[in-house]
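Please treat every number below as a calculation from the coordinates, not as lab data. Bear in mind the structure is a predicted one, so any value in this text is a computation, not a measurement. Neighbour counts are summed over all protein chains in view; Cβ atoms, including those assigned to glycine, are modelled from backbone coordinates with ideal geometry.
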Amino acid sequence: MKLSDAFDIKEHEEMVIECFFQLWRHSADLMFIMAVESEEFSLFDNNPASRAIMGLDKDMKIHRLNIREYFGDAVAEGLYATYYKAIEARKPISLEQVIYIEEQQACYDTLLVPIFDASGNATFICGVSRDITKIKTAEKVALEASEKLKEYNTGLEQLNETLDRKVKERTAALENAKQELEQALDAKSAFVARMSHEIRTPINAVIGLSNLALKTQLNAEQNDYLTKIKDSGDVLLGLVNDVLDFSKIEAGMLKLESVPFHPEELVRTTINMNSFSAYEKNLELITDIAKDVPTELIGDPLRIQQILINLVNNAVKFTSEGSICIRLSSEEQEEGHVSLKCEVSDTGIGIPEEHMDTLFSSFAQADDSITRKFGGTGLGLTITSQLSELMGGSITVKSELGSGTTFTVHLPLKISSHQPKAQRFEGMKPKRILVVDDHEISRTVLKNILDGFDIQADTASDGFQAIEAIRDAYHSQQKYDVIFMDWYMPKMNGIEASQKIREEFKDFAPPILMISAYEKHYIQSHLTSGLISQFIEKPVSRSTVYDSIAKFLNINVDEIPEENEIPNFSGYSVLLVEDNPINQQVAIGYLDHTNIGIDCAENGEIALKKIQSKSYDLVLMDIQMPVMDGLTASKHIRTMPEGQQLPIVAMTAHSSDADKQKSLEAGMNGHLSKPISSEQLYSMIRAHISDSPKQTAQLRNTNLPTVSEKTSILEKLRSGTSLDVNNALVALRNKDKLYLDIVQSFHKQYLPCVQDTSNLQFTLESATLFGDIHSLKSNAAYIGENTLSALCSEIEYALKNDSKVESHALEALHQRLYSLVDSLEKVFEGNKIPSNAGQQDQHTALETLLQMIEDNDFAVEHKLKELLNDRTFTQWHNELTTIHHYIEEIEFERAAIFIRSQLDRLKRGDL
């Protein structure tokens, strides 16, 4: 019988399948099946070898795994590009791939086989990848060896020919070696110091043009190339900066400043600049500023900042898990002087004993393997050491291999004569607080801060201990006034612990203040629901803890009399460039009390004209504006003779490091995040102009409502609206008149939206939705409508990240806004707050406009712009804007009708 006669096709196919299954299980090659989705690919399944390389559990149930969510956009886009090649070829293709496994490069030869359905549509991509790293390495080694051999043979021949001549030349040169060496060192330092500046110009061009190109329409490959070019440029710029600082110090060109600064602000900036890299490695950043550190010192804040940033950046680089702590303390040396002690401790890899002596040497790192793994010039610690010595200080290091490192810097500094009064609680304060944090140092720091406020603080290391502590308090009837709860904890995170506390203890559950470094967006919904009373950003400091408790208790945080805190900027002038009337009103309210001269412009184009016609000491520039935005305006100002040295400060609700960098690149000198506080504004102005009167000036008179009028309206706002009046007043330094003006402006601005649904601008069809939501967010925050502001934040986040905005989110926003405006309508009915200008001024201005329109005088447009930019008419901004719109559209008749209606309302007392 022939063997073929016994052929059983089913048995044959089952055997083939079994053989392939065994190959799938045991092959060292990486096998995988990718499913073709609508616009993406998903991992349908892969063999154990592939899972091991990808870091997936071998027993994990995989079916259509989202590659992008697991490994990020960069990895996903790189893989997808290869799959598209196979689909476009419509046949199996082979290609070589280079991947990085635990930072080691590996080469793979990959066969990709596309699978198509009956309609010719790709449904799956099957792949097999074989590791050819050793082959490639061997090929490279062989090629390099061949080339080297040729070089050595050529070099040997040349060496034999010139050896005698070179020996004679070198012998003669030794006589002048010392003098030449000294000259060479001097020339090198001067050359590098000069050339580093020249090198920065093309590097900045590379980075800037890469940024611009990344904003254009690119395919995945182009985007990948440009991103890598930009990242490489950033790294190169950092290296050049290191070399520049090093060369400046060597050449004796580095000059130190001696100006007042706040140590806590330096620490906060240091944390902000390193927070993202620490977050990527899941590291805890902790600050511990001792009570004995003066609030204001005198020295070179830029260079002290550089020392802290270098040390923290170094700690982040060499720490894979655990924490990094910045500690500041001081020791008084003599009257008016202190030694500031700055410690940066980490839980990183540590430093071997044999490398301690060369740690602060130029271009040195712990060893060659670390140089390869972590990169850098090795100049960071050298510069830190040299800066410390330049300021008359010193730096030391203690380290234990595998257990971490502590760098300690001592800097002699002067104590500023202006020391703000220490923060303290008068009368009302929490009696008992529970601190919940799994990190021991964080718990200790927060407990010490609370102890400094004379507040009893108990601690718990996790959610379970916290629940047990509250249970004990319940039985003893010694309730905690508040809980400081960390969000990121093992076993049970802060949200889960808060929910369990609320479920078990109900009304006995203390209010919870959530502490976290990065999860603010996630926690926002729980703030809205009321589970969390407040969010506090890590790392905490004495001032943030104080402000949080004060805000929670609705008490006045201004411990120093207000007249002593408000600076006197009389004789100076500022140009406020802001299109949002409420934001404009807040800034003017803060600035009015400083005696500074104020001019307004509603966009960048008007600002340029004003700067050309008048001299200003400072420009406060909004970023997002119509006609011309703030970034574009700032770039234009820097090209004008009048604007090259003019300080420009950005005012925007965009507060990320990337946004701040854009401001700096546009030529701005500072960055204020909305909603701004008076302290931030005053501090920023003080940093750019002197805090002393330039000439005698008097405070502007304002038409203030009486105390009884203000009290009555405030009480109606507290009882009849959803506004958090108390906290809003605290944020505005208890300026109740300013607050009432802002609330009334908010009411007037958004009243048309609820009176006529055709005016509703918050729709998915609106071309200006992002800008409108952005403005409403800050406006609502200023008046204390926190829920509405939170809803705006969520929608703005979705719009900014190209995520889908659900219709129910906009509906919730509409309902909240309608309810608020409706309640404000009832409050303000019969309670007209006097405006900053008299009714006669408004009447005269409107009649002038009406006369010009009736005379067909096109100069009316110029007159309107003057009125819009005059802070006196801020209260009527919406009405003037409406008239301006009609004039721009040459609708003079409609403008006249509208003005007459406004004059009638004035006559009736409705305005």
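Quick look at the values:
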{"quantity": "750, 100 arranged by Cβ crowding within 10 Å, fewest neighbours leading", "calculated": "100, 750"}
{"quantity": "Amide proton proximity set for residue 671, modelled H, under 5 Å, gap of 5+", "calculated": "650"}
{"quantity": "Per-selection metrics, the stretch 435-542 (Cα): Rg and Dmax in Å", "calculated": "12.9, 37"}
{"quantity": "Three-way shape call for the stretch 23-125 based on the alpha-carbon gyration tensor, with the a/c threshold at 1.5", "calculated": "rounded"}
{"quantity": "Surrounding net charge for residue 111, when Lys and Arg each add one and Asp and Glu each subtract one, Cβ distance under 10 Å", "calculated": "-1"}
{"quantity": "Sorted largest first, extent of the stretch 602-641 alpha carbons per principal axis (Å)", "calculated": "24, 18, 15"}
{"quantity": "Backbone N under 16 Å from the residue 504 label point (7 Å along Cα→Cβ), restricted to the stretch 459-483", "calculated": "459-480, 483"}
{"quantity": "Cα-Cα over 24 Å, subset of 85/800; 291/447; 748/777", "calculated": "85/800"}
{"quantity": "Of 341/414; 635/662; 281/341; 609/865; 281/317, those spanning more than 18 Å from alpha-carbon to alpha-carbon", "calculated": "281/341"}
{"quantity": "Residue 894-residue 632 pseudo-label distance in nm [points 7 Å out on the Cα-to-Cβ vector]", "calculated": "2.5 nm"}
{"quantity": "Stokes-Einstein D for the stretch 707-828, Kirkwood Rh over Cα pairs, 25 °C, 0.890 mPa s (µm²/s)", "calculated": "165 µm²/s"}
{"quantity": "Label-point separation, residue 95 to residue 258 (7 Å along Cα→Cβ), nm", "calculated": "6.4 nm"}
{"quantity": "Exposure proxy order (Cβ contacts within 10 Å, fewest to most) of 762, 7", "calculated": "7, 762"}
{"quantity": "For residue 515, residues with placed amide H under 5 Å, excluding near neighbours", "calculated": "485, 486, 487, 536"}
{"quantity": "Alpha-carbon Rg with Dmax, taken over the stretch 562-688, Å", "calculated": "13.4, 40"}
{"quantity": "Residue exposure sequence - 328, 149, 387 - by fewest surrounding Cβ within 10 Å", "calculated": "149, 328, 387"}
{"quantity": "Bins of 5 Å from zero: percent of alpha-carbon pairs in the stretch 34-74", "calculated": "6, 22, 33, 25, 11, 2"}
